[in-house]
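Structure record follows, encoded as C-alpha cells.
The values are calculated or read from the model by the stated rules, or taken from the named source; none is laboratory data. Values in this document were obtained by computation on a predicted structure and should not be read as measured data. All Cβ positions, even for glycine, are placed from backbone atoms using ideal geometry, and neighbour counts span all protein chains on display. Ligands, DNA and RNA are stripped out before the accessible areas are found, and what is left, the full protein with its side chains, is counted by its heavy atoms. Shrake-Rupley method; radii C 1.70, N 1.55, O 1.52, S 1.80 Å.
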Amino acid sequence: MKTVQTDGLRISQRRPVRVFLGIWGLLLAYLAPAQPLTREALTGRWIGVAIEYDLDRVCPLVAYMDLRPDSTWQLGRLDNTDEPRTGTWALTGPVLRLDTTHYAPGLVTLQGNQLRIGQVVPLTFRRFRAVTMDKQVVWQRLAGQVWQSDRVEYLFAADGRVGLRNRQTRTQTAHYAQLTELDGSVFLLIRGSAGQQSGDVRECWQVVSNEVGTIRLVGSSGPDSCHETLRWVRALGSGEPLGPTGFQTCANCMRANFGMFSVNPASLRKTTALLRQQYKPVDVPDATGLIRVSFVQNCQGERGPLQFQEYSADYKRRLFDKRITDQLRMLINSQLPGSLFSDPDRQYDIDVSLTIRLSNGQITDVF
C-alpha cells in the first residue's frame, strides 16, 4: 500500500489574530483529543484552510473537498482555475483512501470541525457551513471603500485593485480582489501583485456576515481557522495610491532560499566582466576574502534589498571596509541587468546568490 503525504494545491499568507484569542485557540486545539475517524464524521464538504510547507511558510489552501455518502470524492479549487479532480474514497479502519492515494494510520486527524491530512506538508480543512450571500451586494460594499482589520487596511478600488496597508508600519503591497461563489456562499480572495492579476492567492475568506459598518469573514491564520472582522473606515480617495511602497515579490507565498537558483556559466562570466570593468579598488589593508551577495528578483526583473555576508580568505566571518561593500551594492543594482538572472521562457520570482572573491582589493572571480 503506497503512502503519500499531500496533494499539490497552492497558496497565500498567514494572517494575524489577537494575541490572547490566538493563544487560547491554540491551547484548546492542543488539549482537544483527536476524534475517531468514521465515515459519518468525514462525509460532507470541507473547505481548505492552509497548506504548511514549513514552520514559517504557511499558505492558504484555496480548495474544497467533497466526501460524499455514495463514496465518490471531488477536489476542486475555489477560484475555478482548474477542473475538479474526481474519484472515490473509502475509510478502512484508520486508513483513508482518496481515489488512488492511501493515507497511513496517523496521517489523518479530525478535531472538532478541523480535518488535517498529511505530516510532511500537511493540508488543513474546515467543515463547510453555507452562508447565503449576494456576490454583487458584497462587492458593492467593498468597491471604492477602505476597510480595516486589527492589523491591515484594505483599500478596494472599483476596478478590482486592492492595496494592503500595514497599520503599524504603514507599508503597502498591491494585489487584486476576487469574489467567487460556492453553494450560494461568497469567498473573498486577495491575489496577485502589482503587475500580475492572476497570481497566487494571499488571503482566502468566506463572507459570513454583511452588516452595517462591518463584514465578518472566516478563513485561516496559520494552520487554524479563525474569524476576521472588517470595519468600514472611509471612502477611497480619488487617485489614492494603491501600489507597493517598496519591493514586492510577484508570488504571495515565497520564502527566500538563497542558492537554489543556479546562475548559468554565461551569466556568471558576464557578471564577472561587468563588475571588474566598473569596480574601482579601494586602497585599504587586508582587502582579501569573499563577499556573498544574496537577493530576490521578482518576475518583472525588479531586485529586492541585497544581503551581504563577508568572510576572510580562511572563511571566517569579517567585515570589509564600507567603501568596498557600498560600491559593490551600487554596481550590482545599477550595472547588472535583470536578464542575467531570469529565464525568458518562465517568468517567476527567483532568489540569487553570488560570491565575489577579492584579492588585495581586486575582484578575481564571481561564482
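Here the stretch 299-331 is the region considered, the condition is being without any contact (Cβ under 8 Å) to a residue 40 or more places away in the chain and of a type in the set (A, V, I, L, M), and the residue that is farthest from residue 200 (Cα to Cα) is 313. Just to be sure, is residue 159 within 25 Å of residue 298 (Cα to Cα), without any contact (Cβ under 8 Å) to a residue 12 or more places away in the chain and not aliphatic (A, V, I, L, M)? When the stated conditions are applied, residue 159 passes them. Scanning the stretch 43-65 for residues that are of a type in the set (Ser, Thr, Tyr), open to solvent by 30 Å² or more (accessible area, probe 1.4 Å) and closer than 25 Å to residue 251 by Cα yields a single hit, 53.
Residue-by-condition table, conditions (1) at pLDDT 95 or above; (2) assigned to a loop (DSSP other than H, G, I, E, B); (3) open to solvent by 30 Å² or more (accessible area, probe 1.4 Å):
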| residue | (1), (2), (3) |
| --- | --- |
| 105 | no, yes, yes |
| 119 | no, yes, yes |
| 132 | yes, yes, yes |
| 159 | yes, yes, yes |
| 164 | yes, no, no |
| 181 | yes, no, yes |
| 188 | yes, no, no |
| 202 | no, no, yes |
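The residue list 68, 18, 14 contains one member that is modelled with pLDDT under 50, loosely packed, with under 15 Cβ neighbours inside 10 Å and charged (D, E, K, R), which is 18. For residue 270, work out the one condition from (1) modelled with pLDDT of 95 or more; (2) open to solvent by 20 Å² or more (accessible area, probe 1.4 Å); (3) in a helix (DSSP H, G or I) it doesn't fulfil. Failing condition for residue 270: (1). May I ask you to list the residues in the stretch 190-217 that are under 23 Å from residue 46 (Cα atoms), of a type in the set (A, V, I, L, M, F, W, C) and free of Cβ contacts under 8 Å to residues at least 24 places away in the same chain? Across the stretch 190-217, the qualifying residue is only 205. Within the stretch 296-329, being surrounded by 15 or more Cβ atoms within 10 Å (Cβ to Cβ) and of a type in the set (Gly, Ala, Ser) holds for one residue alone: 304. Scanning the stretch 72-93 for residues that are touching a residue at least 24 places away in the same chain (Cβ under 8 Å), under 20 Å from residue 204 (Cα atoms) and assigned to a strand (DSSP E or B) turns up 75, 77. When we screen 290, 319 for residues that are at pLDDT 90 or above, in a strand (DSSP E or B) and more than 31 Å from the chain's Cα centre (by Cα), the only hit is 290. Taking (1) polar (S, T, N, Q); (2) over 24 Å from the mean Cα position of the chain (by Cα); (3) open to solvent by 30 Å² or more (accessible area, probe 1.4 Å) in turn, residue 198 satisfies each apart from (2). Give 139, 147 a once-over and let me know the one that is closer than 21 Å to residue 230 by Cα, open to solvent by 40 Å² or more (accessible area, probe 1.4 Å) and in contact with a strand residue (DSSP E or B) (Cβ under 6 Å, 6 or more places away or on another chain). The match here is 139. Checking the stretch 235-254 against the condition returns no match, with no residue being within 18 Å of residue 64 (Cβ to Cβ) and either open to solvent by 30 Å² or more (accessible area, probe 1.4 Å) or over 21 Å from the mean Cα position of the chain (by Cα) (or both).
Can residue 216 be described as more than 20 Å from the chain's Cα centre (by Cα) and either open to solvent by 10 Å² or more (accessible area, probe 1.4 Å) or on the phi > 0 side of the Ramachandran plot (or both)?
Details: more than 20 Å from the chain's Cα centre (by Cα): yes; either open to solvent by 10 Å² or more (accessible area, probe 1.4 Å) or on the phi > 0 side of the Ramachandran plot (or both): yes.
Here the answer is yes, as residue 216 does meet what is asked.
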